[in-house]
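The values are calculated or read from the model by the stated rules, or taken from the named source; none is laboratory data. Small disclaimer: the values here were computed from a predicted structure and weren't measured. Cβ coordinates were reconstructed from backbone atoms using ideal geometry, including for glycine residues, and neighbour counts include every protein chain displayed.
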Amino acid sequence: MKVAVVILNWNGRDLLAQFLPSVIQHSADANIYIADNASTDDSVDFVKNEFPSVQIIRNDSNAGYAGGYNLALKELEEDIFVLLNSDVEVTENWLVPIKDIFRHEPGVAAVQPKILDFKRKEYFEYAGAAGGFIDRFGYPFCRGRIFQHLEKDNNQFNDDYIFWASGACLAVRKDAFNEVGKLDEDFFAHQEEIDLCWRLQNAGYRVKYTGKSTVYHVGGATLKELNPRKTFLNFRNSLFMLLKNIDSPKVYLILLFRMVLDGFAALKFLIEGNPLHFAAIFKAHLSFYKHFFRIYKKRKKPYKIRQYYKIDSVVYAHFIQRKNEYHELKK
């Protein structure tokens, strides 16, 4: 089973200098690639000179996460693709449990390792934690992370099936990835990995988490580290995802309720003194209207998964019922 570890890069010289050595050291059985999204810094030359064993794939433009990976991965022949952020530190033997799952569970198409916070290594990290889920209205959350609340890792989450695997470290079978249409480039960035995992499950595959493999992600979850562009993409793409993947007339009622909830989120931003994020949600809805029929055409009758959502509303559970940890959502 051949593995390709592919790191998407755009002007990330400093991150590559810091984190690429751990990937090289602990990924001896994999081919390592830098997929460069038309960087304007010297990161490509830096990798060529300092890490000659790493192969470089050059994209002609910055096509975002989705487009950048689609362009790069079409050139590769390995059986397993590992999409790895440039700000991730991997650990010894991190690929072994992932490969074991793919080897022994042919129905699993995607795998995520345990993702801990590089800055606070005893805590889960925002972007993925111990595997992701969504609620009825498409709001994502993770085992170990409910909105901005992060749990301490006490080995409370073992191997299990999940709904989505984080794009910070996403391992996926090449054949399944191509079968369901790769990453959706209309998303550009943010939540395209959730959409991919949903489509994989619609096609009959499963997504799994393994706590036997650990990586540390720098990332960022606080409002100060967010920007209006990210807010726009997250809210817009979540609506895209619901329209694409819910195979029921109820999708329109769900979208209506979701957009009302988005309105409350926008008001919260405004009250907290963040008018640019308020405007970003408004623009996200306008963009959804603009591209509605384009996204609608992507709807396909899916394989019947029993239920796409874990709970009815993580927003209600967290902000009204004050539930901060994953185990509380079951109560």
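Structure data summary
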quantity	calculated
Contacts under 6 angstrom Cβ, first residue in segment 268-293 being more than 21 Å from Leu242 (Cβ to Cβ), partner among the aliphatic types (A, V, I, L, M), 6 or more apart	Phe278/Ala266; Phe278/Leu270
Those residues of segment 292-315 which are under 17 Å from Asp262 (Cβ atoms) and exposed (fewer than 15 other Cβ atoms within 10 Å of the Cβ), in sequence order	Phe292, Asp312
The one condition in (1) in contact (Cβ under 8 Å) with a residue 40 or more places away in the chain; (2) out of contact with any helix residue (DSSP H, G or I) (no Cβ under 6 Å at 6 or more places or on another chain) that Val108 fails to fulfil	(2)
Selection count where residues are over 24 Å from the mean Cα position of the chain (by Cα) and hydrophobic (A, V, I, L, M, F, W, C), scope segment 233-256	2
When residues of segment 230-273 are limited to those that are among the polar types (S, T, N, Q) and surrounded by fewer than 21 Cβ atoms within 10 Å (Cβ to Cβ), the one farthest from Ile305 (Cα to Cα)	Asn234
Unique match (being among the basic types (Lys, Arg), farther than 16 Å from Gly167 by Cβ, in contact with a strand residue (DSSP E or B) (Cβ under 7 Å, 6 or more places away or on another chain) and part of a loop (DSSP other than H, G, I, E, B)) among Lys121, Lys99	Lys121
Segment 297-315: number of residues that are at pLDDT below 95 and not in a loop (DSSP other than H, G, I, E, B)	1
